[in-house]
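Report on one structure; see the data block that follows.
The values are calculated or read from the model by the stated rules, or taken from the named source; none is laboratory data. Small disclaimer: the values here were computed from a predicted structure and weren't measured. Don't worry about glycine lacking a Cβ; one is built from the backbone with ideal geometry, like all the others, and counts go over all protein chains shown.
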Amino acid sequence: MSGDNIASPSRADLLELTPEALTALANAGFVKRAQKDVAAGLLPKLETGADGTVQAQFDDGVRTSLPPGRTLRDAQCSCPASGMCRHRVMLVLAYQALAKANATPAEAGVSIASAEASPPEPETAWSPAQFDDAAMAASFAPSVLDQAAKLAAARPVVGVQAWRSASAPPVARLPMCSVRFFSRSSLVHARCDCKQGGGCAHVVIALWAFRQAGALEPGSAEVMVEVQPAASSEEDAAASPAPSVMQGEAAAALRSGIDALLLSLWLDGSSQPAMALAARFEAVREQARTLGWSWVDDALDELWQLLQAQQARSSRFDPLRLLRVTTELWARLRAAAHAARPPEGTSRPTLPASQILGIGVKGEVALDHLRLVSLGAELWSDETAEGASILFADPDTQNVTVLERQWSRAADAAAGGAAPTLMNRRIAGFPLRQLASGQVITKTATRRANGLVDITAGARQTGVLPLSPKSWDDLVAPLRQGSVAALVAHLREAQPDFVKPRQAASGASAGASGQLHVVAFERMEVASCHWDAAAQVLHARLGQAPATDEQDDTSPHENDAPSLLHLALPHRAVTPGAVDALARTLAGEHGALRAVAGTVHLQGDQAIMQPLTLLTEQRAVVLQVETAAPQPLGLQSDIEEVSALNALAGDTLELLALWLRQGLRHQSGGALSRAQAQVLRLKQAGLGRSAALLGTVLENMRSAQRPALVAQLAMLRLAMQGVAQSASA
């Protein structure tokens with residue numbers, strides 16, 4: 001049964017809702033069922049009122065009504081469903097199908113029942129900045145606008161992504177949530193992933209951010225904007241420059257306190273009793289919280305957790321990660337100070353100091369209907385506790401989140417009986433193994449700005465489905481890369497860690513200093529695989545097989561670094577089955593490889609990944625939760641494959657990490673002689689500035705210039721990281 005009364009006024013906003021938009025506004029199940037009904041010609045009778053209200057009459061007697069200025073969740077439906085239902089989705093798809101059929105000449109032989117459910121994709125780009133103040137006033141309650149003004153007073157930094165296509169609409173990434181604009185005709189269809197779902201202050205902040213961003217090229221890279229309070233145009237934003245957040249006695253005191261703390265760590269080492277540093281850590285963290293420097297507080301918290309992990313002999317501790325965090329703390333403060341002084345000829349800095357410091361990103365936000373797909377898990381244990389970090393991707397917003405849990409061994413002993421194995425520990429009512437290798441659909445999640453997500457147990461509020469070979473198909477760039485060359489190019493263009501918002505995912509992998517990515521390309525094959533017994537690391541290289549059985553000059557060779565993805569998985573006692581699980585998967589035990597996820601960093605022109613999960617044609621293999629039989633491997637050392645500059649940079653970083661653990665005060669004469677030899681090696685390799693820095697450090701270790709050590713050591717670490725990433729193999 002169908003109708004054709006879709007006379008004026010036309011609901012352009014409904015015609016603009018793509019299947020992807022409807023999935024975000026409702027859910028995938030309702031959309032798929034409605035699409036099947038439209039394809040089968042099972043359309044309801046539609047009527048469009050003079051005010052634009054669309055009413056649908058279904059064969060089963062259900063009536064659904066959607067007035068203008070209302071989104072799907074506000075539609076009225078007579079069915080028994082308490083919330084979202086298939087009838088609301090069906091109303092939109094049927095309206096689109098009828099509109100398309102009525103626009104088709106009758107002689108073309110196109111019937112209403114056979115009309116496609118999806119409208120043609122618009123060819124012109126657009127921006128949410130086109131909505132003026134009148135449109136905002138008509139779409140949001142005054143209380144919402146007032147709340148948005150209060151949020152903007154903190155000058156939050158918002159990343160805005162321009163329109164790319166009808167299926168990739170404009171997106172604004174706020175510190176606490178993401179907003180997607182699905183309609184160029186109506187603001188009510190803007191979708192926020194907070195609990196309210198839309199019509200909230202976050203949408204207003206997103207609109208202001210797009211206004212201030214100015215003209216954006218379709219498909220351009222994400223632009224960071226420091227939102228100005230109640231700014232309605234780029235000119236208004238420029239007229240109200242942000243006050244310097246690095247000036248004032250409180251900011252100076254915090255910088256001095258952090259420098260003194262870092263100097264104490266370098267001089268006496270991270271092996272000193274944590275009690276000696278506890279009061280200093282608490283003091284500087286309290287100062288950071290008072291100033292609202294959330295990323296500084298987050299870095300201090302990670303540094304403290306690493307020190308505690310070292311004391312507890314935890315598998316979470318990694319000396320190079322400790323070195324990275326101490327360097328980031330120093331560099332983040334210096335970068336913010338530089339950004340607070342605008343370059344000559346510009347009215348404001350290109351990179352806001354508030355973004356570097358994390359001002360206005362505290363707290364957490366409750367999320368609406370959320371789907372998360374696992375990218376893997378990291379397990380850890382020590383003498384007193386054990387825990388896990390599960391890494392998820394949100395296919396809708398492309399955000400990466402981390403779910404963390406830890407369990408005390410003392411609590412297990414007090415409870416009596418045998419403690420459950422780590423794999424059988426329960427999170428939100430589900431075993432850890434099931435969550436780590438699954439897709440989570442929940443309505444009880446909360447998320448912090450750094451990507452930490454929490455899911456509370458709730459009856460019928462959370463469900464878990466297993467990962468399938470196609471679970472990552474909805475992920476897109478930059479999270480998912482379609483070639484090794486594209487991945488390398490993205491990593492080279494990425495901003496340094498000390499200016500980016502801190503993300504829990506970057507520190508979730510023990511020892512990982514790279515970015516989390518999914519790599520998937522056609523005909524993925526294993527070019528080599530071997531075990532380095534000395535380093536206890538499994539090495540493998542993945543490339544793209546040729547289109548035919550005949551090998552030609554375009555097929556990947558083992559020494560063709562830019563076209564190969566280098567996997568390096570170290571053995572860890574807490575996850576003894578991971579190496580064998582990877583070896584068996586690469587050997588084809590579970591079918592052809594489709595994709596791999598892990599943390600990636602550059603070493604020269606190579607992309608080095610520590611894998612977490614692999615998708616094959618048959619199943620998902622989450623390495624850290626797998627139990628696999630031993631797999632024989634060929635023995636080979638990778639020492640000869642590392643370039644001289646990379647090896648030199650690695651040796652220098654290891655030296656700095658050793659100093660940080662032991663303390664500069666406690667270096668013997670032999671250790672200083674070895675450091676002098678390292679200075680000579682750097683100089684002979686043409687790294688004169690790095691050699692001078694290391695030499696100056698050695699001179700200042702027992703002089704009155706000790707306060708300068710923190711800056712010199714941080715600069716040396718950054719220089720060696722740059723050498724390691726740029727030295728050609």
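Of all residues in the range 119-146, count the ones that are touching a helix residue (DSSP H, G or I) at 6+ places or on another chain (Cβ under 7 Å) and assigned to a helix (DSSP H, G or I).
Residues meeting the conditions: 7.
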- Task: Working carefully through the options 409, 433, 405, 426, find the one that is of a type in the set (Lys, Arg) and in contact (Cβ under 8 Å) with a residue 60 or more places away in the chain.
- Result: 433
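From 643, 637, grab the single residue that is touching a residue at least 60 places away in the same chain (Cβ under 8 Å), among the hydroxyl-bearing types (Ser, Thr, Tyr) and touching an Asp or Glu at 6+ places or on another chain (Cβ under 9 Å).
637
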- Message: Of everything in the range 278-296, what is in contact (Cβ under 8 Å) with a residue 24 or more places away in the chain and either farther than 21 Å from residue 175 by Cα or touching a Leu at 6+ places or on another chain (Cβ under 7 Å) (or both)? Give them in sequence order.
- Response: 283, 284, 287, 288, 291, 293, 295, 296
- Query: Do you know which residues across the range 338-359 are in contact with a Pro (Cβ under 8 Å, 6 or more places away or on another chain) and at pLDDT below 85?
  - Reply: 339, 340, 341, 342, 343, 347, 348, 349, 350
- Note on the structure: If you go through 68, 80, the only one that is touching a Ser or Thr at 6+ places or on another chain (Cβ under 8 Å) and either free of Cβ contacts under 8 Å to residues at least 40 places away in the same chain or in a loop (DSSP other than H, G, I, E, B) (or both) is 68
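Would you please name the residue that is modelled with the highest pLDDT, looking only at residues in the range 488-542 that are of a type in the set (A, V, I, L, M), assigned to a loop (DSSP other than H, G, I, E, B) and within 27 Å of residue 395 (Cβ to Cβ)?
So the residue we want is 520.
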- Item | Residues located in the range 147-176, provided they are part of a loop (DSSP other than H, G, I, E, B) and modelled with pLDDT under 90 | 153, 154, 155, 156, 164, 166, 167, 175, 176
- Whichever residue in the range 30-63 is among the aliphatic types (A, V, I, L, M) and assigned to a loop (DSSP other than H, G, I, E, B) and, among such residues, is surrounded by the most Cβ atoms within 10 Å (Cβ to Cβ): 43
- Message: Cβ-Cβ under 6 Å, sequence separation 6+ or interchain: first residue in the range 471-492 and at negative phi and touching a residue at least 24 places away in the same chain (Cβ under 8 Å), partner assigned to a helix (DSSP H, G or I) and surrounded by 21 or more Cβ atoms within 10 Å (Cβ to Cβ). Which pairs?
- Response: 481/487
- Message: If a residue must be more than 25 Å from residue 400 (Cα to Cα), crowded, with 18+ Cβ neighbours inside 10 Å and touching a residue at least 60 places away in the same chain (Cβ under 8 Å), how many such residues does the range 565-621 contain?
- Response: 2
